[in-house]
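Reviewing the structure listed below.
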Amino acid sequence: MLFLNHLVGFGASEGSTAALAIFGSPVLTAGENVPYAGFTVSATGGTAPYTFSVHAGTLPTGITLNSSTGAVAGTPTTAGTSSGIIIRVTDNVGATADLASFSIVVSVVDPSFANVVLLCGFNGTDGATTAPDESSSAKTLTFVGNAQIDTAQSKFGGASLLLDGAGDRVTIPDSPDWDLSDANSDQYTIEGWVRFNSSVTTGTETIVSHFATSGNLSWEFQRLGAQISLITDSSGSGAQTTITTTSAGLVLSTWHHLAVDKDATGKVRIYVGGVMKGSATPANSNMFNATTVLAIGSTGGGIRPLNGWIDELRITKGVARYASDGGFTAPTAAYPRS
C-alpha cells in the first residue's frame, strides 16, 4: 500500500504580491521494476514561470522530476531507501521555496506473487511449533512430532524449521493449489533452502510432497541419495516419472537453494544453487490430484523424513520462475512478501 504525506515549504519572492510557496504530497513507497505511482509538486505566488529541481538528496534510480511540470514519475530499478530528498521551486526572478525533506523506499516486489500458493519463512521464537504461510492464501500449518522453529540455524530471517528425521513434519490440508498439473496452471516452481544434517549421499529425504500411499500419489521433491529428484505420478498408484540431477554437489551442514520448475514447453529443470543439474521433458507430465495433505519434511504418510533444516520454502503455481538451462543467481535475501 502506498502512503501519502502532505509536505509544504515556503519562500519569499521580491516584487510579488504573494510569497512563493511549493506544495506536494510525495508517494513514499515504490516497487523495484514497477512503475512508480508518482506525484506532482506545484507552486503559487512569486513570479511565474516556475522551475522545479532536486535541491538535496537523490531520487531513486529510474525516477525523475520534470523541471517544468513538477511531475515525479518513472520506474525505479534498484531497491533501497533514498533519504533527505528536497524538491525546490525557483521562480522567474530567482526566489525559491523548498518542499519539506522526505524519503522514498523502493522494495523488491514479486511480479508473480499472486501465483504464490505457499510461502514459509519459518521465523519466530526458538522452539515454537507454529508458523504462518505468508502467501496471499495464508494456509494453516500443523507441526507434527518434534518439528519446531530453530533460531540456531537460519538462511534468512533469524530462524528456520528444524526436523529430526524421526517422523517430524509440517502438514497443510489438501487444496486445489497442490494440483500442479491442472489444466489452468501446468507450469510451476517449487523451491527452498535446505541444510541436511545426517547425510548427503545415502538414504532418501523428502523436502516437500503431495504424496501419501498407493492410490494417493501426486508429486514429491526429495533428496535421493546424492541427488535431488522430483517424482510425479500420473495415476496415483505407481505410474511414476522420476527426474533427477547428476552431480548435485551437496555438502553436509551447508545451506543449499534447491528448486524445480516446469515451463510452458513441458520441460522440467532441477537446480542446485541456481545451476541446472538435471532436466527432462516427460512424455506424460500429468500429476494425479491426490487428496492427502501437503507435507514439509516428509511424505504425507510420514515416511522418508528429513533430518535438517528448511528455510524460505515457496511454491508458485502457474509460473516457471527460472526456466533456463543457463540457471539463475540464487536468492541473496528472503523472498518478497508482496
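The values are calculated or read from the model by the stated rules, or taken from the named source; none is laboratory data. Just so we're clear, the structure is a prediction, and the values are computed from it rather than from any experiment. Every residue, glycine among them, receives a Cβ derived from its backbone with ideal geometry; neighbour counts consider all protein chains shown. Heads up: the accessible areas ignore ligands, DNA and RNA and are worked out on the full protein's heavy atoms, side chains in. Shrake-Rupley method; radii C 1.70, N 1.55, O 1.52, S 1.80 Å.
Points to keep in mind about this one:
- Residue among Ala131, Ala166 that is at pLDDT 95 or above, open to solvent by less than 30 Å² (accessible area, probe 1.4 Å) and outside any strand (DSSP E or B): Ala131
- Those residues of segment 187-199 which are part of a loop (DSSP other than H, G, I, E, B) and out of contact with any Lys or Arg (no Cβ under 7 Å at 6 or more places or on another chain), in sequence order: Asn197, Ser198, Ser199
- Residue list for segment 42-54, restricted to those being of a type outside the set (Phe, Trp, Tyr) and closer than 10 Å to Ala97 by Cβ: Ala43, Thr44, Gly45, Gly46
- Restricting attention to segment 214-231 and to residues that are open to solvent by 10 Å² or more (accessible area, probe 1.4 Å) and part of a strand (DSSP E or B), the residue that is farthest from Val268 (Cα to Cα) turns out to be Leu217.
- Among the numbered conditions (1) at pLDDT below 95; (2) surrounded by fewer than 17 Cβ atoms within 10 Å (Cβ to Cβ), the only one that Ala79 does not meet is (2).
- Thr241 being in contact with a Ser or Thr (Cβ under 7 Å, 6 or more places away or on another chain) and closer than 27 Å to Gly157 by Cα: no
- Being within 15 Å of Leu163 (Cα to Cα) and among the basic types (Lys, Arg) holds for only one residue in Arg321, Arg337, Arg304, and it is Arg304.
- In segment 145-163, the qualifying residues are those that are outside any strand (DSSP E or B) and either at pLDDT below 95 or within 17 Å of Ala295 (Cβ to Cβ) (or both), and the one that is least open to solvent (accessible area, probe 1.4 Å) is Ala147.
- Residue within segment 59-76 that is open to solvent by 20 Å² or more (accessible area, probe 1.4 Å), at pLDDT below 95 and closer than 30 Å to Ala320 by Cβ present: no
- Residue match in segment 158-172 (condition: over 22 Å from the mean Cα position of the chain (by Cα) and either of a type in the set (Phe, Trp, Tyr) or under 22 Å from Arg321 (Cα atoms) (or both)): no
- Taking segment 90-109 as the range and being farther than 25 Å from Leu20 by Cβ and either modelled with pLDDT of 95 or more or open to solvent by less than 10 Å² (accessible area, probe 1.4 Å) (or both) as the test, the residues that pass are Val105, Val106.
- Scan segment 281-308 for residues that are of a type in the set (A, V, I, L, M) and open to solvent by 20 Å² or more (accessible area, probe 1.4 Å) and the total you get is 3.
- Residue count for segment 232-280 under the criterion of being surrounded by 21 or more Cβ atoms within 10 Å (Cβ to Cβ) and among the hydroxyl-bearing types (Ser, Thr, Tyr): the result is 3.
- Residue count for segment 205-237 under the criterion of being hydroxyl-bearing (Ser, Thr, Tyr) and within 28 Å of the chain's Cα centre (by Cα): the result is 5.
- Unique match (being of a type outside the set (A, V, I, L, M, F, W, C), surrounded by fewer than 19 Cβ atoms within 10 Å (Cβ to Cβ) and at pLDDT 95 or above) among Thr142, Thr189: Thr142
- Put simply, of Ser135, Ser101, Ser67, Ser82 the only residue that is closer than 30 Å to Ser298 by Cα and not β-branched (Val, Ile, Thr) is Ser135.
- Single condition Thr140 does not satisfy, out of (1) assigned to a strand (DSSP E or B); (2) closer than 16 Å to Gly300 by Cα; (3) free of Cβ contacts under 8 Å to residues at least 40 places away in the same chain: (1)
- Residue match in segment 81-104 (condition: touching an Asp or Glu at 6+ places or on another chain (Cβ under 9 Å) and within 29 Å of Arg321 (Cα to Cα)): no
- Ala264 outside any strand (DSSP E or B), among the aliphatic types (A, V, I, L, M) and under 23 Å from Lys317 (Cα atoms): yes
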